[in-house]
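The values are calculated or read from the model by the stated rules, or taken from the named source; none is laboratory data. Quantities reported herein were computed from a predicted structural model and do not represent experimental measurements. Cβ: placed from backbone, ideal geometry, glycine included. Neighbour counts: every protein chain shown. Protein only, heavy atoms only, side chains kept; ligands, DNA and RNA dropped before computing areas. Shrake-Rupley method; radii C 1.70, N 1.55, O 1.52, S 1.80 Å.
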Amino acid sequence: MQKIIFAEFIATDIKKFVIEAPKIAGKRKAGQFVIIRIKEGGERIPLTIADSDSDKGTITIIVQGIGKTTKELNSLKTGDTIMDVVGPLGKPSHIENFGTAVSIGGGVGTAIAFPTAVALKEAGNYTISIIGGRTKELVILEDEMREICDEVHVTTDDGSYGEKGFVTKKLQDLIDSGKKIDFVLAIGPIPMMKAVADVTRPHGIQTVVSLNPIMVDGTGMCGGCRATVGDKTVFVCVDGPEFDAHKVDFNELVNRNKSYEFFEKESLEEFECPSKKASN
Amino acid sequence: MEELTNKERMQIPRQKMPEQDPEKRKKNFKEVNLGFTEELAIKEAMRCLQCPKPVCISGCPVDIKIDEFIGLIAQGDFLGAAAKLKEDNALPAICGRVCPQEEQCEIKCVIGKKNDPVAIGRLERFAADYEREHTGIRKPEIKAKTGKKVAIVGSGPAGLSCAGDLAKMGHDVTVFEALHELGGVLVYGIPEFRLPKEIVRIEIESLKDIGVEFKTNSVIGFSDTIDELLENEYDAAFIGVGAGLPNFMRIPGENMIGVYSANEFLTRVNLMKAYKFPEYDTPVLNCKDKNVAVFGGGNTAMDAVRISKRLGAKNSYIIYRRSEVEMPARIEEVHHAKEEGIEFIMLTNPLEFIGDEEDWLKAVKLQKMELGEPDDSGRRRPIPIEGSEYVMDLDMTVIAIGNGSNPIIQKTTPDMEYNKWGNIVVDEETMKTSKKGVFAGGDIVTGGATVILAMGAGRVATKAIDEYIMNSSEW
Ligand SMILES: Cc1cc2nc3c(=O)[nH]c(=O)nc-3n(C[C@H](O)[C@H](O)[C@H](O)COP(=O)(O)OP(=O)(O)OC[C@H]3O[C@@H](n4cnc5c(N)ncnc54)[C@H](O)[C@@H]3O)c2cc1C
Ligand SMILES: Cc1cc2nc3c(=O)[nH]c(=O)nc-3n(C[C@H](O)[C@H](O)[C@H](O)COP(=O)(O)OP(=O)(O)OC[C@H]3O[C@@H](n4cnc5c(N)ncnc54)[C@H](O)[C@@H]3O)c2cc1C
Ligand code: SF4
Ligand code: SF4
Ligand code: FES
């Protein structure tokens, strides 16, 4: 049982949690994640460790409610508990002084990109971040990013805040303006990561994405999280989650993530409207 | 009770264990075997000749005093029999259910030369169940505290048996487990209908009662490394992390939706209880009215295929590249699978999985095989028959062709000796690894083996660990 020390919505459907987890707080590195199970009978889901405080023994996670488990998690409040939290899992991000590093976060991906952006800055990079969302309410962690980055650009699909357009447009603009970019980290919805890879490929810019397949154990035991990178099958939970964006088979990942669509819908309907089940 | 002559004993037929009717059981996850009644157990126990030199014992990896415990059952002293079992086997209710008895203890039984051997496993199960159901598991004697601390990594049968024995010696024992539940393959691999999880849970409770501490959600290597355990708190460590890395066949289409590793399929169903979806949140792909094929011929394959039937599959197949005699699965499991309507396609190997445009599995291309000369394993090598390829419709498949060793420990503890498959190298007399203070046993050492061998390894290590932490710290 891990206690939730603090919980607060930071955008529509996006909630920040500070959770008691001293062991993980003391160990975790940028790019690593935890797997949580809210309660008995619950699913195991992976969530990136957005931040940690080893003195207080806490970790921060930022969760977007998109299905049953994330919505149920987002209904928890300060003082509630989470049954299982395991981590830190996955390989830490590969950090070095590349020169100029751009971190791109789409939606809740910004939360996942944040710890790595911090580490890139600490390693001496000139750090730029491009954060985007569909609309103003979905742009998160802008202040935090501004605190650590040399430049921050905000985009929204509908133009309600920052520049109108996708994060890839901003990236393209930066490249076209002649800025020398040495490294790009892109985290967000799969189509966004694919689009970033397509933008940087012709320029030969080293680009890393963090993959989000469906996971079960998170320790390399089940193989459910497998993806194709280059001509190799990888287990994302232990070989990643970060990989060379130019080699990832994004289509396969999109398809595999649809495996349980039918069940996810059923789960969510039952969670949001339990009376339905009782009546049939 | 009157004494029987050996001749009279030999005339008693081997007693059948009651089991759920196949038609009924293939629709539920309840235990298939129902266990002996007291009468059946006594009758079966009477068949044992109480040999002056009980050769059956030589077939048991932990040297259970088989003649003695069966003698006690014959006398109606069921609790005495359970106590006798516990002297050598920490988990008799489990071994009695899952041991491959037919090739271990029972194959050695003298009666087996002419008749069916004594049903040692079923009697073991009976005595252990009797104790659990009538008195609860009784607490063993525990020696005075030594103040020494041992870390056990992994809560499968190897780790549990090591933990139990060390605790009885008075040591402080902490078991670290990566998953949220304890028991290793006993909970995530072997299905409920073969080994009810309640039994595993009660066995583990009995270890808690004697002071063993359990820490779930602790992936050693990530949360603490072996070095950190030894530096910070523990006098020795035992690694029993099992063989947790699924093998795939490396053929085209293996990443399609509908292709599962046995580990994923079993974990979803057994550990996460996907068969109770949506009461439990984790789903498993729909098998109802579908064609499901499981590739492999071991216990894992049998478990997976029998689960698919219970999840409503229209056709469930075992597809194996050798012939039925080479299948490593227990005979009882094969027999049960056939009774439940599983179809066996032998001497056949997959070449390629075929899917639709969204990567959903639709079919598999298969090739027939024939048996050639024996290979390293002593079994005849399957050779492809050119031109025998054909396509079979398929909606879901499970690859159950064995496990490799999970690399987490190796990557985070590089200064220990491993073989080329990543198994930890140990001295078989003591289970000592090449690293001071670290012992290992079970599947991580042997590769995928059996519950009783893993438990045996845990026991062997116990003696050496005790010796090491109490008497010397030499390596
Ligand atoms: C390494 C990693 C780090 C992640 N970090 C974060 C994070 O910091 N914040 C955050 O909000 N989300 C994060 N995710 C995604 C998060 O795990 C999923 O959103 C969550 O599992 C969905 O569960 P659900 O029951 O709410 O939704 P579901 O109803 O199960 O699914 C909704 C959608 O999410 C996808 N999905 C389903 N199960 C999983 C799963 N186990 N893993 C990944 N995707 C899944 C499905 O493709 C589906 O489209 C991360 C994923 C990975 C792999
Ligand atoms: C489906 C299936 C059916 C089987 N049927 C039979 C049968 O009928 N009869 C039989 O005798 N044998 C059977 N076996 C084989 C038997 O289960 C294994 O040989 C036995 O469980 C091995 O025990 P172990 O303790 O070495 O490892 P495991 O049982 O694999 O346990 C290892 C434990 O360590 C944990 N772990 C792994 N890495 C770490 C880490 N880094 N930190 C912390 N914990 C970790 C794992 O999560 C796991 O819980 C079967 C196996 C399978 C998969
Ligand atoms: S533990 Fe297994 S091998 Fe030993 S006597 Fe019991 S059933 Fe036979
Ligand atoms: S060999 Fe058979 S008959 Fe003899 S003691 Fe063992 S079980 Fe009994
Ligand atoms: S989640 Fe099971 S291997 Fe990665």
**Considering only chain A, percent of DSSP beta bridges that pair antiparallel, nearest 5** = 60 percent
**Request:** Could you tell me the accessible area of B:I142 in Å² (1.4 Å probe, neighbours in place), rounded to the nearest ten?
**Result:** 70 Å²
**Complete:** With the convex hull built on the alpha-carbon atoms of the protein assembly as shown, volume per residue in Å³ sits at 183 Å³
**Message:** As a test question: what accessible area, to the nearest 10 Å², does A:T58 have when a 1.4 Å probe is rolled over all protein chains in place?
**Reply:** 20 Å²
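Sort B:E324, B:E177 by heavy-atom solvent-accessible area, probe 1.4 angstrom, most to least. Before the final figure, lay out the partial values.
Working: B:E324 75, B:E177 15 Å².
I get B:E324, B:E177, largest accessible area first.
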**Request:** Give the shape of region B:1-138 as rounded, prolate or oblate, defined through the alpha-carbon gyration tensor: a ≥ b ≥ c are the square roots of its eigenvalues, a/c under 1.5 means rounded, and otherwise the shape is prolate if a/b is larger than b/c and oblate if not.
**Result:** rounded
**Item:** Extension gain from A:D182 to A:E266, taking 0.36 nm per residue of separation minus the Cα-Cα distance
**Value:** 25.8 nm
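Suppose accessible area is computed on protein heavy atoms with a 1.4 Å probe; arrange A:I181, A:I66 from highest to lowest. Could the numbers behind the result be given before it?
On the way: A:I181 15, A:I66 125 Å².
Of A:I181, A:I66, the descending order of accessible area is A:I66, A:I181.
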**Asked** Under 12 Å Cα-Cα from B:K368, which aspartates and glutamates qualify once same-chain neighbours fewer than 8 residues away are excluded?
**Response** B:E386, B:E389
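Counting only DSSP beta bridges with both residues in chain B, what percent are antiparallel, rounded to the nearest 5?
Values: 21 of 52 bridges.
Close to 40 percent.
I'd like to verify something in chain B: which complete DSSP H helices, judged by Cα projection on the helix axis, reach 30 Å or more and average at least 0.5 on the Kyte-Doolittle scale?
Numbers: long enough: none.
Result, helices passing both filters: zero.
Report the relative contact order of chain A, percent, no decimals, based on alpha-carbon pairs under 8 angstrom and at least 6 residues apart.
Numbers: 615 pairs, mean separation 43.8, N = 280.
Reported as a whole number, the value is 16 percent.
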**Message:** So for chain B, averaging the separation of alpha carbon pairs under 8 Å that are six or more residues apart and normalising by length, what relative contact order in percent results?
**Reply:** 15 percent
**Request:** Determine the shielding of peptide A:221-230 by partner chains: average, over its residues, the number of Cβ atoms on other chains within 10 angstrom of each Cβ.
**Result:** 6
**Prompt:** Any idea of B:F78's accessible area? Nearest 10 Å², probe 1.4 Å.
**Reply:** 10 Å²
**Item:** Förster radius 41 Å - calculated FRET efficiency between B:D356 and A:E137 (Cβ-Cβ, nearest 0.05)
**Value:** 0.60
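Where does region B:248-401 land on Rg(C-alpha)/(2.2 N^0.38 Å)? Spell out each step's value before the answer.
Details: Rg = 15.4 Å, N = 154, 2.2 N^0.38 = 14.9 Å.
Ratio of Rg to 2.2 N^0.38 Å for region B:248-401: 1.03.
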**Asked** So which lysines can B:K435 reach, going by Cα to Cα under 20 Å and dropping same-chain residues fewer than 8 places off?
**Response** B:K148, B:K149, B:K411, B:K420, B:K463
**Fill in**
Within region A:100-258, pairs of Lys residues whose Cα atoms are less than 13 angstrom apart, provided they are eight or more positions apart or on distinct chains, add up to 4
**Asked** Considering the alpha-carbon set of region A:2-89 alone, what are its Rg and its Dmax in angstrom?
**Response** 11.7, 33
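Give the calculated FRET efficiency between B:V325 and B:S388 to the nearest 0.05, with a Förster radius of 30 Å applied to their Cβ-Cβ distance. Working shown, then result.
On the way: r = 21 Å, r/R0 = 0.70.
Efficiency, rounded to the nearest 0.05: 0.90.
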**Fill in**
Of all trypsin sites (Lys or Arg not before Pro) in region B:228-313, the ones in DSSP coil with at most 15 other Cβ atoms within 10 Å are B:R250, B:K288
**Fraction of antiparallel bridges per DSSP, the protein assembly as shown only, in percent to nearest 5** = 50 percent
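So, R0 is 60 Å and r is the distance between the beta-carbons of B:T146 and A:E151; what FRET efficiency does that work out to, to 0.05?
Numbers: r = 61 Å, r/R0 = 1.02.
Approximately 0.45, to the nearest 0.05.
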**Prompt:** Shielding of B:62-74 by partners, i.e. mean partner chain Cβ atoms within 10 Å per residue?
**Reply:** 0
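Using DSSP H assignments, which helices in chain A have an axial alpha-carbon span of 15 Å or above and a mean Kyte-Doolittle hydropathy of -1.0 or higher? Walk me through the intermediate numbers first.
On the way: long enough: A:109-122 (20 Å, 0.84); A:190-200 (16 Å, 0.96); A:261-272 (16 Å, -1.12).
Going by DSSP H runs, the hits are A:109-122, A:190-200.
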**Prompt:** Would you list A:T100, A:T200 from the most to the least accessible area, probe 1.4 Å?
**Reply:** A:T100, A:T200
**Request:** Report the dimensions of chain B along its three principal axes from the alpha-carbon atoms, largest first, rounded to Å.
**Result:** 67, 62, 50
**Distance (nanometres) between label positions extended 7 Å along Cα→Cβ at A:R201 and A:K232** = 2.0 nm
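Which of the three applies to region A:205-280, rounded, prolate or oblate, going by the alpha-carbon gyration tensor with a ≥ b ≥ c and a/c under 1.5 meaning rounded? Mind showing how you got there, number by number?
Details: a/c = 3.20, a/b = 2.48, b/c = 1.29.
Taking the square roots of the gyration eigenvalues as a ≥ b ≥ c, region A:205-280 is prolate.
Given +1 on the Cβ of Lys and Arg, -1 on the Cβ of Asp and Glu, and no further charges, what dipole in debye does chain A carry about its Cα centre, rounded to the nearest 20?
On the way: 34 positive and 40 negative charges, 79 e Å.
In total the dipole reaches around 380 debye.
If you average the sequence gap of Cα pairs under 8 Å that are 6 or more apart and divide by the length of region B:6-134, what percent do you get for the contact order? It would help to have the intermediate numbers written out before the result.
On the way: 187 pairs, mean separation 35.5, N = 129.
Reported as a whole number, the value is 28 percent.
Return the average number of partner chain Cβ atoms within 10 angstrom of each residue Cβ along peptide B:221-234.
Working: counts 1, 13, 9, 2, 1, 0, 0, 1, 0, 0, 0, 0, 0, 0.
If you average over the peptide's residues, the count of other-chain Cβ atoms is 2.
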**Prompt:** What is the gain in length, in nm to one decimal, between B:K114 and B:K276 on full extension, counting 0.36 nm per residue of separation less the C-alpha to C-alpha distance?
**Reply:** 53.7 nm
**Fill in**
Over the protein assembly as shown, the sum of -39500 (n - 2.57) across DSSP H runs of at least four, divided by residue number and rounded to 500 deg cm²/dmol, gives at 222 nm -8500 deg cm²/dmol
